[in-house]
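Values in this text are rule-based calculations from the coordinates and carry no lab data. The structure displayed is predicted, hence computed values, not measured ones. Heads up, the Cβs are rebuilt from the backbone with ideal geometry, glycines too, and the neighbour counts pull from every protein chain shown.
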Amino acid sequence: MKPRITTRAAGFSLIELLVAMAIGLVVTLAITSVLIRSEGSKRSSTSVNEINQTGAYTAFVLDRVIRSAGSGYSQRWNDVYGCLLDVSKSGSAVLPIPATISASSAFRNITASPTPLALRLAPVIIGEGLADTTGAGAQVRGDVLLVMAGTAGVGESPQSVSVNSINLGTTPPQLQLQNTLGYSTDDLILLSDKGVASGCMIQQVGTHDPTTYGQALPLKGSVTDSYYQAVGTHVNLEDLDGDGIALQLGNAVTNRPQFMAYAVGDNQTLFSYDLLNPLPTGGADNRPDTPIAEGVVEMRALYGLDTTNPPDGVLDEWHGPTGDFTAAELTAGTPTARNRLRQIIAIRVGMILRTSLQERSTATSASAVTAQETYLQPSPASVTLFEGLEDAGGTSLSYVRSVTGGDQLYRYRPVDVTIPLRNVQLAPQS
């Protein structure tokens, strides 16, 4: 008789299976948590990188335009700074800006009653707080920047307009200069007369060969898309040939002057507006805004002044767009305002950028989030521009934007760039 052989039971017990499942769940939760945090960190890094790129791009755009401000006319600043611009296209006024601009435009406050901003010729004007909105859903968006730069690049030497030489009776109309070499078809010229206080005009050259010597310069005349107007809003063309000058600003077709406005508008977007383009038609949608970059919630600017008399081209102090340097004071059209415009040799632009990613929750208080979440506030309670900057009297020029509630669930970046006005620095002392 063979002995009975007992074998050990194979497999896992129920308790062992439950322990293994528990360990697996813990490991799964740990890995999931790591992946979630990793993806969250990746999204945060991506959104921060995006606003860093936005800051670099917007700084480049503004630097490129502002650095050239005053080009084409600063050599005769004592004659043309502060002149009231009169511009028409196809027979309709372009400047001053028509009051029909849309109420939703970022630039609507330029024409706001009862004190619309007078658009006078100047390298840069800061309209303090003109981008802010009021009423329901009011937002603090900051300043409007007005920048005016010619693009002719042909020596930028003005020529005298011969006395009583503007002739509107010919076809096309014409005026007399000492020499018309260098003037091409569709060039835009600024006509100004220091004896005419009412304003200056931009006119378009008619058909002309820049290599042909002569004295008669034809104007475009009243045709479609022409910057020609005999009778302006503030001044008439025939008024500008007493002691007038002509300055080349660029070409209406191939090399447009950079007469631009910049401001923050809807959806945290920085917009530009070509001041030499007529408003598009469309009633309530009559918006001139062209988007530049998203993620910009506010823009502020300061003036860098050369207060030495006579000017030496060296920055002496920073000054806010307040007091004697408000937009209204600088566009008063007086000799004092003109001299103050000559003092501005740099602009310091500050922008506050915000990520599009909300970090954790739509909750606006710690008690509103669930017990499993941590109430995150990646943003501090405020963001500062121009930190540590003071004016000549020692008064701080820093600007602080408060960040409260749900806005603290986004990340912010201040961007600060200093831009010299080269053409003003190199302008004659008087």
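Values computed for the structure shown
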read-out: Fluctuation leader among Leu18, Leu240, Leu305 - the chain, Gaussian network, Cα springs under 10 angstrom; value: Leu18
read-out: In degrees, nearest ten, helix 14-66 long axis to first principal axis of the chain (Cα); value: 10
read-out: Of Glu294, Glu16, Glu390, the one that fluctuates the most in a GNM where the chain has Cα springs shorter than 10 Å; value: Glu16
read-out: Relative contact order for region 136-201, counting Cα pairs under 8 Å that sit 6 or more residues apart, in percent; value: 18
read-out: Order of Trp77, Trp318 under a 10 Å beta carbon neighbour criterion, fewest first; value: Trp318, Trp77
read-out: The chain: relative contact order in percent, alpha carbon pairs under 8 Å with at least 6 residues between; value: 18
read-out: Region 174-251, relative contact order [Cα under 8 Å, separation at least 6], %; value: 39
read-out: The chain: most fluctuating residue of Leu177, Leu191, Leu276 per GNM, C-alpha cutoff 10 Å; value: Leu177
read-out: Which labelled figure in (i) 26.0; (ii) 24.7; (iii) 34.5 is mean projected area of the Cα convex hull in nm², once derived from the coordinates; value: (iii)
read-out: Region 320-361 versus region 87-141: alpha-carbon centroid distance in Å; value: 15
